[in-house]
Amino acid sequence: MNLTNEQLPGEEILQLENAAGNVCVTVIIPTHRLSPDRRADRLTLKRAVDQAIDQLRYKYDVELIARSLSANLKQLAEEADLLHNYDGLGLYVSTGIKKIIRFPFHVTGKVLVSDRFDLRDLWYKTQLSSAYHVLLVTEKDVKFWQGHADHVEQILDKNIPEAYHDEYIYEHPSRSTSYVGYAHVKNFEKDSGVIQEHRLKAFLRQVDHSIHKYIMGDQPLVLLAPPKIVSWYKDIARKIPGLTSTIEGSYSNLNQTQIASLVWPLIYQHYQSAFEKEIAKANELLGNHRAVFGIEACWRAAVDGNAYKLLVEKDYHTMGYFLKNGRQLFLNPPSLPHNNINDAVHELITIVKSKKGKILFGENDSLHNYGRVVLLTRY
């Protein structure tokens, strides 16, 4: 099965998670959106695939498996569209699985042949793929989109007004007498402006009312509008907890892709700010003994079932060692008989997920003061 998509459905991630135990090949490379930088991406991908094939041949004696997976990797690499890049590209190959995933954020290059896929970039993409909305308003038209990551789809709903029709009929006034000059003209024009503003604000209220059924909870909303409309909308709109940002200007001529490119950096920053708030909350809970940091302490709490929410840097990897009971993790080999874990962070994430805990990923170095991982505990 070959799947290329921008929003990885939950069942697809579950399929990759369930592949654990088979030979799984993960190839992830950073890519470039613009030419000429992206010219080198094809060569980078080829080198990464060659490296994965070398690992397959070295690690597995079953030549048939290595040969078939190698062929699928090569085919997938040839099919990859590198003319419409995002910021990263991932290839995932195992028995019955062949997927290409693009990432709208910076990734660290990695090549892994193991008994499971490296899924952190996928989990992070899912975290960043929560719904948001974009509202574009001018004095002539309205457009409304729903977005996931850096992809938006316009919502076409007959209840959302698409255009503003000013019913005020303006007739150029004449002077009433030669003695009053243009006073009547100015007053007439002033009245015209007040009425136009009043009607435009009424139109904005109608727009605001119609979009609220789509905005759930604190989902982010970005408003694109001229400065005057931005100011008016903020005054008349009902409370929108997720009003993330406003971009002032006229953008009605932009297409769907251009709108997504314009808005995504703001949405991405919104998610980074949300993660920083989680860090601040964790810092408070540390003082109340309701959180622990560092992978060894987090491991012990997670194994004991005391795992509510795990904050972890998305590219944090470390080898670990644990005794037979598995309750205590060591970063250095203990003197007693023990088992090795090539990726203790991935295993910790799996444990927290199995305990129905939540996982939140942050950018690299965002948790450098906390050993790169923090666990909020249940008690």
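Yes or no: Ile279 in a helix (DSSP H, G or I) and within 21 Å of the chain's Cα centre (by Cα)? Criteria met by Ile279. Restricting region 134-152 to residues that are touching a Pro at 6+ places or on another chain (Cβ under 7 Å) and not acidic (Asp, Glu), the residue that is surrounded by the fewest Cβ atoms within 10 Å (Cβ to Cβ) is Thr138. Pairing residues of region 257-273 that are over 13 Å from Glu363 (Cα atoms) with residues that are of a type in the set (Asp, Glu) and at pLDDT below 95, at Cβ distances under 9 Å and at least 6 apart in sequence or on separate chains, gives Ala260/Asp150; Ser261/Asp150; Val263/Asp150; Trp264/Asp150; Pro265/Asp150; Ile267/Asp150.
Out of Ala260, Ala237, Ala274, Ala301, report the one residue that is in contact with a Leu (Cβ under 6 Å, 6 or more places away or on another chain) and of a type outside the set (Lys, Arg). Step through it out loud before you land on a result.
Working: Ala260 fails: in contact with a Leu (Cβ under 6 Å, 6 or more places away or on another chain); Ala237 fails: in contact with a Leu (Cβ under 6 Å, 6 or more places away or on another chain); Ala274 fails: in contact with a Leu (Cβ under 6 Å, 6 or more places away or on another chain).
From the options Ala260, Ala237, Ala274, Ala301, the qualifying one is Ala301.
The number of residues in region 276-311 being in the same structural domain as Pro334 (by TED's automatic domain parsing) and within 30 Å of Thr246 (Cα to Cα) comes to 1. The sole residue among Arg33, Arg67, Arg57, Arg39 that is part of a loop (DSSP other than H, G, I, E, B), exposed (fewer than 15 other Cβ atoms within 10 Å of the Cβ) and of a type in the set (D, E, K, R) is Arg33. Residues that are in a strand (DSSP E or B), closer than 17 Å to Arg42 by Cα and of a type in the set (A, V, I, L, M, F, W, C) do not occur anywhere in region 125-138.
Figure legend. Inter-residue proximity from region 210-229: first residues touching a residue at least 24 places away in the same chain (Cβ under 8 Å) and in a helix (DSSP H, G or I), second residues of a type in the set (D, E, K, R) and surrounded by fewer than 21 Cβ atoms within 10 Å (Cβ to Cβ), beta-carbon distance below 8 Å, spacing 6+ or different chains. Indicated pairs: Ser210/Asp157; Ile229/Glu139.
The values are calculated or read from the model by the stated rules, or taken from the named source; none is laboratory data. Computed from a predicted structure; not experimentally measured. Here the Cβ is made from the backbone with ideal geometry for all residues, glycine too, and neighbour counts use every protein chain on show.
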